[in-house]
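The values are calculated or read from the model by the stated rules, or taken from the named source; none is laboratory data. Just so it is clear, the structure is predicted and the values come from calculations on it, not from any experiment. We place every Cβ from the backbone using ideal geometry, glycine too, and count neighbours over all the protein chains shown.
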Amino acid sequence: MEAITETIQLNELLIPVTRSGRRQSVGITVERDGSVAVSAPIDCQFAKIEEYVRSKSLWIYQKLAKRDELVSDQPVKKEFVDGSSFSYLGQAYRLKLVEQPTEVLSLVGDRFLMCREHVGQAAEVFRKWYVSRGREIVDRLIENWVPRIASPTAIDIRDIGYRWGSCTPDGKILVSWRAIQLPPDIVEYIVAHEMAHLKHPNHDEEFWCLLEKVMPDFADRKNWLAKNGQSYAAEF
């Protein structure tokens, strides 16, 4: 018989504890949806369970951080037809195909306007648009964070596979063009997260302490990305 009767508060995480007569030791699982759960023997003292979980806090956050770095393993496929929805900084805009726009692709009011003759290259056109807008946004964010963290050696907005962002060993900050679909505060979290790696390459305690110092609500943004990021992960 199993029943969840207890919880452990680990910073922003509220972790349920399931006791089972079949368990011989305490175990921790981090699910694909970002939830964390603990299984323990029925007769194990709660203090012992809590002590074990806290001793594994770095491992838990490393698992969660690794998951959050991934855009999606099943990105949404987009169709470039009238009425299709595309996100930009968290807002949805409908696509309208037109005959003679002033630009190949432009954002006017609540619509993306694209020249009908370029539909065959629509994926590339949209990617270039996100890269261009993304560079302006990320440049401003990094300029704001440099005094509080460190200066990157270079900045690039491009396709980096299924990751939102990356910090290379030589100090370059890379941000996926897909991230520009997310709300502004989440884009800011991704940038700050990668910049924190300029000082602390690994997801160790010092890394999280630095991130919390410069962005006290990072955990809320991190959790939002884990729960909602996949719905913005369009594949062009």
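Give the residues of the stretch 24-37 that are at pLDDT 80 or above and touching an Asp or Glu at 6+ places or on another chain (Cβ under 9 Å), sorted by residue number.
37, the sole residue that qualifies.
When residues in the stretch 194-215 are screened for being surrounded by 23 or more Cβ atoms within 10 Å (Cβ to Cβ) and in contact (Cβ under 8 Å) with a residue 40 or more places away in the chain, 2 of them pass. Comparison of 185, 156 shows that the only residue that is touching a strand residue (DSSP E or B) at 6+ places or on another chain (Cβ under 9 Å) and acidic (Asp, Glu) is 156.
Output the residues belonging to the stretch 159-193 that are among the basic types (Lys, Arg) and either modelled with pLDDT of 90 or more or crowded, with 20+ Cβ neighbours inside 10 Å (or both).
Those that are among the basic types (Lys, Arg) and either modelled with pLDDT of 90 or more or crowded, with 20+ Cβ neighbours inside 10 Å (or both): 172, 178.
Contact map, the stretch 146-166: residues that are small (Gly, Ala, Ser) paired with residues that are part of a helix (DSSP H, G or I), Cβ distance under 8 Å, separation 6+ or inter-chain. Pairs shown: 150/195; 165/179; 165/190; 165/191; 165/193; 165/194; 166/194.
Condition first: touching a Ser or Thr at 6+ places or on another chain (Cβ under 8 Å), among the charged types (D, E, K, R), modelled with pLDDT of 75 or more and assigned to a loop (DSSP other than H, G, I, E, B). Can you find one or more residues in the stretch 69-90 that meet it? Yes - at least one qualifying residue is present in the stretch 69-90. In the stretch 213-225, the count of residues that are under 14 Å from the mean Cα position of the chain (by Cα) and of a type in the set (Lys, Arg) is one or more.
Scan the stretch 106-158 for residues that are outside any helix (DSSP H, G or I), surrounded by fewer than 17 Cβ atoms within 10 Å (Cβ to Cβ) and not assigned by TED's automatic domain parsing to the domain that holds residue 194 and the total you get is 6.
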